[in-house]
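Undergrad: Provided herewith is a single structure, encoded as structure tokens, for subsequent inquiry.
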Amino acid sequence: MKKIFYLTAALCIAALFGACAGSGTQSESAKPAIGKERKVAVQTFTMRKHTLEESLPILKSIGVNALGCSAGQKISKKYPVAINPKLTKEQREFVRKLLADNGFVIASYGVYNPKDDADIRALFELCRDIGAPTIITEASANQLPLMNELAKKYNIRVCIHNHAKDSKRNNYYDPNVVWNMIKDYDMIYACADNGHWSRSGIRTIDGYRALHNKIDVIHFKDQKKFGNIKNDNVPLGSGELGIKEVLAYLDSIGYDGYFVIENENIADNPLPDMKKSVDFLRTH
């Protein structure tokens, strides 16, 4: 009976979204998720001073078995190289086996910004080889047709990530810009980073609404003070971003993707704050 109820709720959400997507309005009548059912991962950029191999027991100790695989994190002492499309076959197999042996899955890979078409193709091959289902990128608009084509070939989704308004690379901090880029592609979504939205003066729920629910992965943060351009991440629920209300909103629209926790301020000692954030998601 419970499965039938959830399926019915999901179908209702889909129908309501189809009716409202053009106007940007959304239904908020879906069933709330139970905290323990949330798909929780940690973005390993949070643990960039540790190798991937060193990070796994830390994450396991706080009940996390999924990760946002950062393009900036080194693999291990044996392979002190960042995870990138230039990895050898041996290094790729090491990553895949390391994760499997420790009971981990990859929620996403990135942020990685390809230089050209050859780099795009190599990126998809890397994600296929290490088992990453989603690519996080800030690729340019003219790269998206090829990425959408390859996403269908490899069955790997692409998500456009955003930094804040002080980014010199692009203006993806504006969710309307991202929406207009992705709306016509069937395999390209958003990876919404609400911490960088806050730094840009954009409220989290407003940003989600502007993306019309076309969100596959969330980089989930709280900030000490809303609207401060300083990157002042704090444990979930302890800042000014109204995380309880944000979770209620995401539950109401049926979001079932990963909550990829990221805190860019705790690289030296990530465990205490990560545990607080994981516990918050498990109980709210």
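The values are calculated or read from the model by the stated rules, or taken from the named source; none is laboratory data. Just so it is clear, the model here is predicted, and its values are computed rather than measured. Counting neighbours? That spans all protein chains shown, and the Cβs are built from the backbone with ideal geometry, glycine included. Side chains are part of the model used for accessible areas, which takes the heavy atoms of the whole protein and leaves out ligands, DNA and RNA. Shrake-Rupley method; radii C 1.70, N 1.55, O 1.52, S 1.80 Å.
Undergrad: Being charged (D, E, K, R) and in a helix (DSSP H, G or I) is the filter here, so list the residues in the range 82-126 that pass it.
TA: Just the residues of the range 82-126 that are charged (D, E, K, R), to begin with: 86, 89-90, 92-93, 96-97, 101, 115-117, 119, 121, 125.
Of everything in the range 82-126, those that are charged (D, E, K, R) and in a helix (DSSP H, G or I) turn out to be K89, E90, R92, E93, R96, K97, D101, D117, D119, R121, E125.
Undergrad: Could you please tell me which pairs satisfy a Cβ distance under 6 Å, a separation of 6+ or placement on different chains, a first residue in the range 174-187 that is free of Cβ contacts under 8 Å to residues at least 12 places away in the same chain, and a second residue that is open to solvent by 30 Å² or more (accessible area, probe 1.4 Å)?
TA: Correct list of pairs: V177/N171.
Undergrad: Taking the range 42-58, which residues are open to solvent by less than 10 Å² (accessible area, probe 1.4 Å) and closer than 14 Å to N263 by Cα?
TA: Start the filter on the range 42-58 by keeping residues that are open to solvent by less than 10 Å² (accessible area, probe 1.4 Å), which leaves 42-44, 46-47, 52, 55-56.
Passing the criteria: V42, Q43, T44, T46, M47.
Undergrad: Condition first: touching a strand residue (DSSP E or B) at 6+ places or on another chain (Cβ under 7 Å) and open to solvent by less than 30 Å² (accessible area, probe 1.4 Å). Now tell me which residues in the range 117-138 satisfy that.
TA: The first filter runs over the range 117-138 and keeps only residues touching a strand residue (DSSP E or B) at 6+ places or on another chain (Cβ under 7 Å), leaving 123, 127, 130-138.
Residues satisfying the conditions are L123, C127, I130, A132, T134, I135, I136, T137, E138.
Undergrad: How many residues, within the range 64-81, are closer than 16 Å to R48 by Cβ and either modelled with pLDDT under 95 or assigned to a loop (DSSP other than H, G, I, E, B) (or both)? Give the steps one after another, and end with the answer.
TA: So in the range 64-81, the residues closer than 16 Å to R48 by Cβ come out as 67-77, 79-81.
Add one more test, that the residue is either modelled with pLDDT under 95 or assigned to a loop (DSSP other than H, G, I, E, B) (or both), and what stays is 70-73, 75-77, 79-81.
The number of residues fulfilling the criteria is 10.
Undergrad: Continuing with the same structure: If Y173 passes every condition in (1) out of contact with any strand residue (DSSP E or B) (no Cβ under 8 Å at 6 or more places or on another chain); (2) surrounded by fewer than 19 Cβ atoms within 10 Å (Cβ to Cβ) but one, which one does it miss?
TA: Just one mismatch for Y173, condition (2).
Undergrad: Looking at H219, is it under 24 Å from A132 (Cβ atoms) and crowded, with 18+ Cβ neighbours inside 10 Å? Quick ask: steps written out before the conclusion?
TA: Working: under 24 Å from A132 (Cβ atoms): yes; crowded, with 18+ Cβ neighbours inside 10 Å: yes.
It is true that H219 is under 24 Å from A132 (Cβ atoms) and crowded, with 18+ Cβ neighbours inside 10 Å.
Undergrad: Something else: Being open to solvent by 30 Å² or more (accessible area, probe 1.4 Å) and touching a residue at least 24 places away in the same chain (Cβ under 8 Å) is the filter; apply it to the range 222-233 and report the residue that is nearest to T137 (Cα to Cα). Give the derivation first.
TA: Restricting attention to the range 222-233, the residues satisfying the condition of being open to solvent by 30 Å² or more (accessible area, probe 1.4 Å) are 224-231.
Imposing the further condition that a residue be touching a residue at least 24 places away in the same chain (Cβ under 8 Å) reduces the set to 226-231.
Working: F226: 25, G227: 24, N228: 24, I229: 22, K230: 22, N231: 20 Å.
Per the criteria, the residue is N231.
Undergrad: Considering only residues that are touching a strand residue (DSSP E or B) at 6+ places or on another chain (Cβ under 8 Å), among the hydroxyl-bearing types (S, T, Y) and open to solvent by 10 Å² or more (accessible area, probe 1.4 Å), which ones fall in the range 63-115?
TA: Matches in the range 63-115: Y112 only.
Undergrad: While we're looking at this one, here's another question. Are any of the residues in the range 143-151 over 27 Å from T51 (Cβ atoms), crowded, with 21+ Cβ neighbours inside 10 Å and in contact with an Asp or Glu (Cβ under 6 Å, 6 or more places away or on another chain)?
TA: Taking every residue of the range 143-151 in turn, none turns out to be over 27 Å from T51 (Cβ atoms), crowded, with 21+ Cβ neighbours inside 10 Å and in contact with an Asp or Glu (Cβ under 6 Å, 6 or more places away or on another chain).
Undergrad: Hey, another quick one. All but one of (1) modelled with pLDDT of 95 or more; (2) touching a Phe, Trp or Tyr at 6+ places or on another chain (Cβ under 9 Å) hold for Y189; which doesn't?
TA: With respect to (1) modelled with pLDDT of 95 or more; (2) touching a Phe, Trp or Tyr at 6+ places or on another chain (Cβ under 9 Å), Y189 is out only on (2).
Undergrad: Yes or no: the range 249-257 includes at least one residue that is open to solvent by 50 Å² or more (accessible area, probe 1.4 Å) and under 26 Å from G63 (Cβ atoms). Reasoning before the result, please.
TA: Quick first cut of the range 249-257, residues open to solvent by 50 Å² or more (accessible area, probe 1.4 Å) only: 256.
In the following step, the residues that additionally are under 26 Å from G63 (Cβ atoms) were identified as 256.
Checking the range 249-257: at least one residue is open to solvent by 50 Å² or more (accessible area, probe 1.4 Å) and under 26 Å from G63 (Cβ atoms).
Undergrad: Against the conditions (1) at pLDDT below 95; (2) assigned to a helix (DSSP H, G or I), where does S27 fall short? Just the number, please.
TA: The failed condition is (2).
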